[in-house]
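**Student:** Dropping a structure here in structure tokens format, bear with me for questions.
The values are calculated or read from the model by the stated rules, or taken from the named source; none is laboratory data. Quick caveat: nothing in here was measured; it's all calculated off a predicted structure. Neighbour counts are summed over all protein chains in view; Cβ atoms, including those assigned to glycine, are modelled from backbone coordinates with ideal geometry. Quick note on the areas: whole protein, heavy atoms, side chains included, nothing else; ligands and nucleic acids left out. Shrake-Rupley method; radii C 1.70, N 1.55, O 1.52, S 1.80 Å.
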Amino acid sequence: MAEPKENPLMEKIVSLCKRRGFIFQSSEIYGGINGFWDYGPLGAELKKNIRDCWWNDMVRGRDDIVGLESSIIMHPKVWEASGHVGGFTDPMVDCKISKQRYRADQLFFAAVIVEKKDKLFGAGPTDVIGYVSALESERLLDELMDKAISLKRKKAIQGEILPFEIKDLTQATPEEIPMIPSPATGELGSLTPPRAFNMMFETYVGALRDESAIAYLRPETAQGMFVDFKAVVDTGRVKIPFGIAQIGKSFRNEITPRNFVFRSREFEQMEMEYFISDQDDWEKWYRYWINWCHNWLRSVGVADSRLSESVHPKEKLAFYSKGTTDIMFDFPFGVQELWGIAARGDYDLSQHAKFSGASLAYFDEVTKRRYVPHVIEPAVGVDRIALAILCSAYAEDQAPDEKGNMESRVVMRFHPRIAPIKVAVFPLLKNKPDLVNKAKEVRDLLRPQMSVFYDDAGAIGRRYRRQDEAGTPFGVTIDFDTLGEKGPELKDTVTLRDRDTMKQERVKISELSAMLLAKIR
Ligand code: GAP
């Protein structure tokens, strides 16, 4: 499995996810399947909350955006028109000995050049003594240097290793390829030259298994919005500017799925195509959506300090693209793309009009003008957001145990909007029927409004700790005061504990629901 190695924080997050039922390997009892993941009870709630928040903010909370659920398998021509059949490729390299497969742009190499010292004049002649290679990582330079030092030692060469010029395999010349060692075996001559690998999963529709039956699992949800553009305009009473949004599964046969759910082969996307007039100020909308995405990430608890923007340089943009900005997140394995916002011009609608023969122009009732709209596309992965939220929430601090001694605790500081469980309800003691009955009454009172977890097992401190790890923002304890044993003024009140401050306050049961709702929305 592509588990992060030598990254203690990432290892802690992955192990917490497994231990607490956020994320498991898919088909684990069969040894797992690389690039596929299952979300356990807490993970399923977390993902559902991410989807719901996005849908509420992106679709239900606005007049100008409508929703869509298009099919995963579409007419194969869709993917010819979109360019995916011809161009959705990654450069791939194989190691013939180990049978490992790499993305050529993630496999780096350098020539090791040694400067031999000249006794009289200092600097002497330089020699290429061989090549070293390593996979993309935070330690890339150190790893290449370690390998260069051992190569020099093995060849018993004296002198100083000169600074590297690091390249990826796509930049290697045909003469260099046989001299670059495989990162798996260290053997020379086992790497193949890079070749294009299409990432779309193929399947067959119907009983025949021939060329004419080939179809694809969609590699993005976006094409559904373009293909259904006319149907939505004809039925949705939408007027430009407007957007079509969709949440759904996408599939990419990634050569090297890795970094937990960051890059997987089956994942979920939340995409929105915002259609604007061809004469509108596209930059205004482009900036608007970049800001919207930033604000939304903050509103679900992605740490602001770990967000940044990466603007694609003009020369690297596709010919039709006017601009692309990625919102980046500082993951434990490096700063990586979280959300892409692209100004795609009229490319997609024009391509589908060309390939299908349908007119995808928009008629403006006011100006009486017909034109092909331009589009701004914010596209993000639910799994990547889940991972950014898990990384933002993970914290270790000190909390008092039963006897008041400080002990370290792991706490997931999820934003209450996104927390899988909103409130845990605890009877102080399990063997006192009056406490248990009252606690179940409170659970049932809250349950229609929010996700509630009832727990009566073990000491109360241990129960708090378990909920801290699950990221539950609030804990409600029913004690003898609740039953009125210390006087009428505390009867029908509970203690409400805050996960982050660990402060406890006394709250009337009759006010609990409204108070919690105000905090979790
Ligand atoms: N329609 C445009 C599009 O799909 P993309 O940059 O390829 O653009 C958009 O994907 C987002 O989908 C990414 O920013 C990322 O959040 C998510 N994503 C892409 N590939 C992924 C993968 N293999 N695993 C998990 N998430 C992925």
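**Student:** Along the Cα→Cβ direction, 7 angstrom out, place labels at HIS75 and ASN295. What is the inter-label distance in nm?
**Tutor:** Modelled inter-label distance: 3.9 nm.
**Student:** Taking only protein heavy atoms and a 1.4 Å probe, what accessible area per residue, in Å², does the chain have with all protein chains in place? Working shown, then result.
**Tutor:** Values: 25320 Å² over 521 residues.
Here the residues of the chain average 49 Å² of exposed surface.
**Student:** Another question, if that's okay. By the scheme Lys and Arg +1, Asp and Glu -1, what is the net charge of all other residues having a beta-carbon under 12 Å from that of LEU162? Mind showing how you got there, number by number?
**Tutor:** On the way: positive: LYS116, LYS152; negative: GLU115, ASP127, GLU160, GLU165.
Computed value for this residue: -2.
**Student:** Here's a follow-up. For the chain, what is the convex hull volume of its Cα atoms per residue in Å³? Mind showing how you got there, number by number?
**Tutor:** Numbers: hull volume 117.3 nm³, N = 521.
Convex hull of Cα atoms, per residue: 225 Å³.
**Student:** Still on this structure, I have one more. Could you please report the charge total around ALA395, scoring K, R as +1 and D, E as -1 over all other residues with beta-carbon less than 13 angstrom from its beta-carbon? Numbers along the way, then the final one.
**Tutor:** On the way: positive: LYS12, ARG409, ARG413, ARG499; negative: GLU396, ASP397, ASP468, GLU469, ASP500.
Surrounding charge for ALA395 is -1.
**Student:** Search the structure for amide H atoms under 5 Å from the amide H of ARG409, placed 1.01 Å from N in the peptide plane, and list their residues when 5 or more places away or on another chain.
**Tutor:** HN-HN under 5 Å from ARG409: ASP397, GLN398, ALA399.
**Student:** Skipping prolines and chain starts, which residues have an amide H placed within reach, meaning under 5 Å, of the one on SER250, given they are 5 or more residues away or on another chain?
**Tutor:** Those lying under 5 Å, H to H, from SER250 are PHE267, GLU268, GLN269.
**Student:** Can you give me the three principal axis dimensions of the stretch 243-364 from its C-alpha atoms, in Å, biggest first?
**Tutor:** 48, 33, 30
**Student:** By how many degrees, 0 to 90 and rounded to 10, does the Cα axis of helix 140-154 deviate from the longest principal axis of the chain?
**Tutor:** Tilt of helix 140-154: around 50 degrees.
**Student:** Please compute the modelled spin-label separation between GLU402 and GLU337, points set 7 Å along Cα→Cβ, answer in nm with one decimal.
**Tutor:** In this crude spin-label approximation the distance works out to 5.2 nm.
**Student:** Here is a follow-up. May I ask you to evaluate 6.51 cos²θ - 1.76 cosθ + 1.60, the Karplus curve with θ = phi - 60°, for each residue of the stretch 435-450 and list the ³J(HN,Hα) values in order in whole Hz, giving x for glycine and proline?
**Tutor:** In residue order, the calculated couplings are 5, 4, 4, 5, 5, 5, 5, 5, 4, 5, 5, 7, 3, x, 9, 7 Hz.
**Student:** A further question follows. With a ≥ b ≥ c the root eigenvalues of the C-alpha gyration tensor of the stretch 447-521, is it rounded (a/c under 1.5), prolate (a/b larger than b/c) or oblate? Don't skip to the answer; put the middle values down first.
**Tutor:** Working: a/c = 1.81, a/b = 1.23, b/c = 1.47.
Oblate is the answer for the stretch 447-521, as a/c is 1.5 or above yet b/c matches or exceeds a/b.
**Student:** Using a Förster distance of 51 Å, how high is the FRET efficiency between MET515 and ASP364, based on the Cβ-Cβ distance and rounded to 0.05?
**Tutor:** After rounding to 0.05, the efficiency reads 0.55.
**Student:** Determine how large the accessible area of TRP37 is when every protein chain is in place; take a 1.4 Å probe and give Å² rounded to the nearest 10.
**Tutor:** Here the residue's solvent-accessible area equals roughly 40 Å².
**Student:** Now, a different point. For the stretch 37-85, just the Cα atoms, rotate onto the principal axes and tell me the three extents in Å, largest first.
**Tutor:** Result for the stretch 37-85: principal-axis Cα extents of 38, 35, 15 Å.
**Student:** Here's a follow-up. Provide the FRET efficiency to the nearest 0.05 for the GLU211-SER350 pair, computing r from the beta carbons and using R0 = 45 Å. Don't skip to the answer; put the middle values down first.
**Tutor:** On the way: r = 27 Å, r/R0 = 0.61.
Here the calculated transfer efficiency is 0.95.
**Student:** Mind jotting down a quarter of the surface of the convex hull over the alpha carbons of the stretch 400-481, in square nanometres, one decimal? Intermediate values should be presented prior to the final figure.
**Tutor:** On the way: hull surface 22.6 nm².
So the Cα hull casts an average projection of 5.7 nm².
**Student:** Then there's this: Note the full-extension length gain between LYS316 and THR501 as 0.36 nm times their separation in residues minus their Cα-Cα distance, in nm to one decimal. Each step should come with its number before you reach the end.
**Tutor:** On the way: separation 185, 0.36 × 185 = 66.60 nm, distance 4.73 nm.
Full extension from LYS316 to THR501 adds 61.9 nm.
**Student:** Could you go through the stretch 240-251 in sequence order and give the Karplus-derived ³J(HN,Hα) for each residue, using 6.51 cos²θ - 1.76 cosθ + 1.60 with θ = phi - 60°, rounded to whole Hz, and x for Gly and Pro?
**Tutor:** Here the 3J(HN,Hα) series is 5, x, 8, x, 10, 10, 8, 10, x, 6, 10, 9 Hz.
**Student:** Report, in deg cm²/dmol and to the nearest 500, the calculated mean residue ellipticity at 222 nm for the chain, where each DSSP H run with n ≥ 4 adds -39500 (n - 2.57) and the sum is divided by the residue count. Mind showing how you got there, number by number?
**Tutor:** On the way: 13 runs with 143 residues, N = 521.
Helices in the chain give a 222 nm mean residue ellipticity of -8500 deg cm²/dmol.
**Student:** Inverting the mean 1/r over all pairs of different Cα atoms, compute the Kirkwood radius of the stretch 176-330 and quote it in Å.
**Tutor:** Working: mean 1/r = 0.0505 Å⁻¹.
Computed over the stretch 176-330, the radius equals 19.8 Å.
**Student:** Sorted from largest to smallest, which semi-axis lengths in Å does the alpha carbon gyration tensor of the stretch 140-210 give for its equivalent ellipsoid, taking the root of 5 times each eigenvalue? Walk me through the intermediate numbers first.
**Tutor:** Numbers: eigenvalues 313, 31, 28 Å².
Output for the stretch 140-210: semi-axes of 40, 12, 12 Å.
**Student:** Return the loop-located chymotrypsin sites (Phe, Trp or Tyr not before Pro) in the stretch 58-157 (DSSP other than H, G, I, E, B) with at most 13 other Cβ atoms within 10 Å of their own Cβ; answer none if there are none. Walk me through the intermediate numbers first.
**Tutor:** Working: sites: TRP79, PHE88, TYR102, PHE108, PHE109, PHE121, TYR131; in loops: PHE88, PHE121.
Here the chymotrypsin sites (Phe, Trp or Tyr not before Pro) that fit, given the DSSP loop and packing criteria, are PHE121.
**Student:** Compute the helix-to-body angle for 282-299: its Cα long axis versus the longest principal axis of the chain, expressed 0 to 90° and rounded to tens.
**Tutor:** So the helix axis and the longest Cα principal axis differ by about 50 degrees.
**Student:** Now for a different question. What does the charge dipole of the stretch 150-203 about its Cα centre add up to, to the nearest 20 debye, if the Cβ of each Lys and Arg holds +1 and the Cβ of each Asp and Glu holds -1? Provide the component values of the computation, followed by the final result.
**Tutor:** Numbers: 6 positive and 7 negative charges, 65 e Å.
Taking the Cα centre of the stretch 150-203 as origin, the dipole is about 320 debye.
**Student:** Could you tell me what percent of the accessible area of the chain is made up of carbon and sulfur, with a 1.4 Å probe and every protein chain present?
**Tutor:** Details: 13030 of 25320 Å².
About 51 percent, which is the carbon plus sulfur part of the accessible surface.
**Student:** Determine, from the Cβ-Cβ distance of THR192 and TYR371 and an R0 of 45 Å, the FRET efficiency 1/(1 + (r/R0)^6), rounded to the nearest 0.05. Could the numbers behind the result be given before it?
**Tutor:** Details: r = 48 Å, r/R0 = 1.06.
Between THR192 and TYR371 the formula returns 0.40.
**Student:** Report, by chain and number, residues whose modeled amide H sits under 5 Å from the one on LEU338, excluding near sequence neighbours (fewer than 5 apart, same chain).
**Tutor:** Result for LEU338 returns ILE327, MET328, PHE329.
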